[in-house]
Amino acid sequence: MIALDYPASTDYQSELRDAYDVVVIGGGPAGSTVAALLAEAGREVALLERSTVPRFHVGESLIPGTYWPLQRLGLIEQLKASAFPKKFSVQFFSEGSKPSAPFYFDEHNAHESSQTWQVERGDFDKLLLDNAVSNGAHARTETQVLDVLFEDDRAIGVREKVGRGEAAREISCRVVVDASGQSSFLVNRLKLKTTDPYLRKGTVWTYFRGAKRDPGKDEGATLIMQTEGKRSWFWYIPLRDDIVSIGCTGSMDY
């Protein structure tokens with residue numbers, strides 16, 4: 001087992017003003033995408049991310065449908081030039097042994113969008129955040145949003161804090177976008193979150209070097225393997241530098 005190494009974090013420390021059109025909470029793919037598109041459209045955008053960037057995050061396998069938003073963001077050529085393994089297919093193994101035929105995306109849609117990528121999220125998310133900044137968004141990392149400010153039932157700004165020992169400050173805006181992912185920042189504060197017991201799943205995963213891969217077009221394929229009785233399932237996702245992401249997902253009870 002190995003740990004993924006990322007280069008030193010980039011210093012995203014835009015000087016923030018007291019007011020923006022939009023404040024985006026979270027610098028992952030959703031936050032960086034909305035920030036890039038709004039800034040491109042001429043809106044004044046502040047993007048606030050609590051972690052350093054790049055930072056680790058699981059979730060490496062892009063699906064073909066991501067081609068279109070990535071094209072809209074102008075990132076397809078950068079991805080083509082990257083070292084991320086190309087993904088042409090997915091293959092399923094029933095109850096851990098019997099394989100299906102590979103599902104090749106281009107056999108169902110003869111367009112270049114049928115080839116996608118297996119990405120390392122630290123580098124992929126940084127690519128998206130850099131794009132938001134290049135479009136004019138004001139990005140600030142290691143910045144914690146403490147609260148969303150309301151006037152009646154309308155969000156009018158945020159209270160944020162940069163690093164330890166710094167005083168909190170308020171930023172006003174016309175729109176707040178909560179792109180905090182599983183942190184569910186605004187949903188939790190408004191007590192709107194409900195849990196679907198069917199989706200009470202857990203995952204154990206790690207990274208291995210030297211794991212076997214199929215040759216040729218199948219080298220970058222995602223493999224999905226059901227365990228006995230379909231009580232859990234494994235993913236097998238080839239990454240660059242001879243690394244494979246392997247994880248098992250099942251109900252928490254199991």
(request) Have a look at Asp147, Asp178, Asp153 and point out the one that is within 19 Å of the chain's Cα centre (by Cα), charged (D, E, K, R) and over 14 Å from Arg17 (Cα atoms). (result) Asp178
(message) Can you find, within segment 175-185, the residue that is farthest from Asp147 (Cα to Cα) among those that are surrounded by 12 or more Cβ atoms within 10 Å (Cβ to Cβ) and either modelled with pLDDT under 95 or of a type in the set (Phe, Trp, Tyr) (or both)?
(response) Gly181
(request) Would you mind telling me which numbered condition in (1) open to solvent by less than 10 Å² (accessible area, probe 1.4 Å); (2) in a strand (DSSP E or B) Leu146 fails? (result) (1)
(message) Quick test of your reading of the structure: Ser113 fulfils all but one of (1) part of a strand (DSSP E or B); (2) touching a residue at least 12 places away in the same chain (Cβ under 8 Å). Name the failing condition by number.
(response) (1)
(request) Out of Arg140, Arg154, report the one residue that is under 30 Å from Ala3 (Cβ atoms) and among the charged types (D, E, K, R). (result) Arg140
(request) Could you run through segment 222-233 and say how many residues are touching a residue at least 40 places away in the same chain (Cβ under 8 Å) and either over 15 Å from Ser251 (Cβ atoms) or open to solvent by 30 Å² or more (accessible area, probe 1.4 Å) (or both)? (result) 8
(message) Can you tell me which residue is most open to solvent (accessible area, probe 1.4 Å) among those in segment 1-58 that are free of Cβ contacts under 8 Å to residues at least 24 places away in the same chain and within 25 Å of Thr206 (Cα to Cα)?
(response) Asp5
(request) Would you check if Lys193 is touching a helix residue (DSSP H, G or I) at 6+ places or on another chain (Cβ under 6 Å) and more than 21 Å from Phe105 (Cα to Cα)? (result) yes
(request) State whether one or more residues within segment 75-89 are among the hydroxyl-bearing types (Ser, Thr, Tyr), farther than 17 Å from Arg121 by Cα, open to solvent by less than 40 Å² (accessible area, probe 1.4 Å) and in contact with a Cys (Cβ under 8 Å, 6 or more places away or on another chain). (result) no
(request) Check off (1) of a type outside the set (S, T, N, Q); (2) over 18 Å from the mean Cα position of the chain (by Cα); (3) assigned to a strand (DSSP E or B); (4) over 29 Å from Ser97 (Cα atoms) for Leu186 and give me the number that stays unchecked. (result) (3)
(message) If I go through segment 197-219 residue by residue, how many of them are of a type outside the set (D, E, K, R), closer than 24 Å to Pro85 by Cα, open to solvent by less than 90 Å² (accessible area, probe 1.4 Å) and under 25 Å from the mean Cα position of the chain (by Cα)?
(response) 5
(request) Out of the residues in segment 38-81 that are more than 17 Å from the chain's Cα centre (by Cα) and not in a helix (DSSP H, G or I), state the one that is farthest from Gly26 (Cα to Cα). (result) Ala81
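The values are calculated or read from the model by the stated rules, or taken from the named source; none is laboratory data. Note that this is a predicted model, so its numbers are computed, not measured. Cβ: placed from backbone, ideal geometry, glycine included. Neighbour counts: every protein chain shown. Just the protein is used for accessible areas: all its heavy atoms, side chains included, with ligands, DNA and RNA removed. Shrake-Rupley method; radii C 1.70, N 1.55, O 1.52, S 1.80 Å.
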